[in-house]
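Everything on this sheet refers to the single structure shown next.
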Amino acid sequence: MKCVSSMFLGSLLAISVPAVAAKDVIACVGDSITFGSTASDHETTSYPPNLSRMLAGTMDVMNFGVSGATMMKGGDLPYWEQQEYKNALASNPSVVVIQLGTNDAKNYQWDENAYVEDYQAMIDSFASLAVPPDIFISIPPPLYEDNVYEMMQPIINVELPSILHDLAEKNMIKRKVKGIVDVFNQLGGAELDNYEFFCDLQSCDACHPSDAGYTVLATAVYKAIFMDK
């Protein structure tokens, strides 16, 4: 009799416990700035976990950053060939934030036409998912010194913002892109002469954010997704 009662109770519990609904996913696609290579702890102080805390756990923010990754398929570490890209697609995200281009701007590999072509292809790859996500194009932070990691300051600080604004606007008309995340200006891009004001947001390498900078980056992403309607 005890055996029957236990089986009945087990069946009842199995029926009574509801399935936990999966959270909507925000896929953070990018390079070392997304990964958080200069954060004190990339698992807690890079921008994706900061964004997750801002959302109080209501969405699943996933960090798909790859240090050194390029948007260009012909770059020295194409994001296209990384497992993180496949994982980002497989996550069936509701929102995708793409921030790639800093490593593309190295003096030995920059090719504007290839960059734009491959960026468009990545937008299309996410837009072609069964349930198309809201895609946001993020303009990378400024470079405070030329030739850091062989990256060209004029490309990152002048050309990339213009290219990405144009690309975003064209795709917003097509309803493939939802908006722009202007990380560039939030981290001092429009006022590079006022370096002292922003130096506490930048790490000592003049390229990557500090912990404080990652908080600013996460805030910019949050505002673009949820407030800039």
Give the percent of DSSP beta bridges with both residues in the stretch 22-226 that are antiparallel, rounded to the nearest 5.
-> 10 percent
With a 25 Å threshold on alpha-carbon distance, the violating pairs from LYS106/LYS178; LYS23/LYS176; LYS23/LYS178; LYS73/LYS170 are LYS106/LYS178
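Read the figures in this text as sums done on the coordinates, not as results from a lab. Keep in mind it's a predicted model, so treat the numbers as computed, not measured.
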